[in-house]
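Take a look at the structure below.
Readers should treat all values here as calculations from the given coordinates under stated rules, not as data from a laboratory. None of these values were measured; they are calculated from a predicted model. We place every Cβ from the backbone using ideal geometry, glycine too, and count neighbours over all the protein chains shown.
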Amino acid sequence: MNEVAPGSYAPGTGHGESAYTTDSSVRKPPKTGKKDSNSRDKPREHKEAGSSKAKHNHTHHRKKKTNSPAEQGGSASGSRIDPVSANLYTSAELHKVLDILCVNLEDWSHSQQPVLDLRPAESFRRRRLRNSVNIPWMELSSRCFELPPREVGLSVVFANPLLNGNCGAGDYPMPPRYPKEGTPEGTGAKHEAESGDTSEDPVPTVETQQGWFLRPRSAWHLVYSFVESELLWKLAAERGLLVEGEPTLGELRNRCVLWQPSPFVRKALPLVQLSLPKLRPDANIDSGGDYRCLDLGCGSGRDAVFCAMRGFRVKAVDNWKGALQRAQALADRYKDSFCSEDAVEFFEMDLKGATVAELQEQIGCTRVHLLVISRFLPRSLLFGDDFWTLIETGGWLVFSHFMIGCLEFGRPSQPEDMLTESEVEQLCSIAGLECKLLEYTTLHDGRPIVNIALQRVSEAAADPPAAAKPDGGKTA
């Protein structure tokens, strides 16, 4: 079993089980001499006959009520002292803490994994670990779609509510609400901000923050976890892992992301870029932005923003206003990585029953070089006579959707929301289109999906794939 330093988290700890430890030999602050007014609420002493030493030891570890500002918070173990303050440890204890933190920092740095920082934005701008992504604790619920998939490892810097200079009670009101189960895209629950004065709300402990990520049936895999402390910053600086001051333009352009686009979009985009002469697989801010992308059923905008970061000018369409608001906020956060500030435009439009002409009028564009459709099935468009006129000659369709076998999993629940094998064959056999990638695979939960990448190689597209069926919609 890995050793865990007081105030530190070790990798690989079990879900729902705190790895936060308090060494019983840690020296406590001096007693105030005040009588404990809440003594009636505390557990009775376990006396041993003829043992005054046992009574003395038990009394020594009883908590005392003080008026110190640090008393407003608490560690995961219930201790009211800062668990990572160097002056609370003997030399031997501090040496042990240093060893464990050093090993965790070095292992994390070698993993090349970005780290989520839950501290307030002001504290993050002042100093941070290298390759950090800041999502303040109170924004976590509304921005959880920016986290990686739950099966992917996640490293976290937890905010320490006991550091007076960084976070007071006003910075951390009640914990954000957990995402509701079954929301679109699995993690994009709407954030409902608490109203009223939050200055008297309790400060969340580190354990409370950790508990958000370790909820039953929806837990993230926490690989490396750190608690905000002066000791952490000192050790990080010694190893070249600390960044201080406002982010530079270069940092903003090449910032890390925790979220991921659709797996097939990530896989197919380098192939698309190689076929378009002015774009390279690593193109982003330096590309000219001469190529247009259309994302239908864009949801929270991860695919749209990802394509914009690779040099495309993106038009993204969805009929859910809440998802579009999140998508716009995501684009605003990463606009420094785009070829231009207006590289992504979002449009609210119901595509059910819409025609190609209506879509072109709405987005102000007639043809695109890349058409992205991920887990969305606009049947009236996809199986229409003129759908393929949306794509420039040499352009691409990158399409990923659920297969009919998903019925046994319950999501999607309607057959019209899924593709059949015959429909996939029809899409791949249209004259003027060449199938470059076709793969049948499954998601991590076992649901079958199909991934298709088609390139339009000539203007002559023959008959449409099949008669249109009722529209499907965006599915989780």
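With both labels modelled 7 Å from their Cα along Cα-to-Cβ, the Ser111 to Asp99 distance reads 2.2 nm. Only residues of the range 358-400 count here: report those whose backbone N is under 11 Å from the spot 7 Å along Cα→Cβ of Glu459, or say none. Inside the label zone: 393. Net charge in the neighbourhood of Leu269 (other residues with Cβ under 10 Å of its Cβ; Lys, Arg +1, Asp, Glu -1) is +2. The Ala357 and Leu437 beta-carbon pair, evaluated with R₀ = 30 Å, returns a calculated FRET efficiency of approximately 0.50. Quick one: check the C-alpha center-to-center distance for the range 393-428 versus the range 110-142, whole angstrom. Taking the Cα centre of the range 110-142 as reference, the centre of the range 393-428 is 37 Å away.
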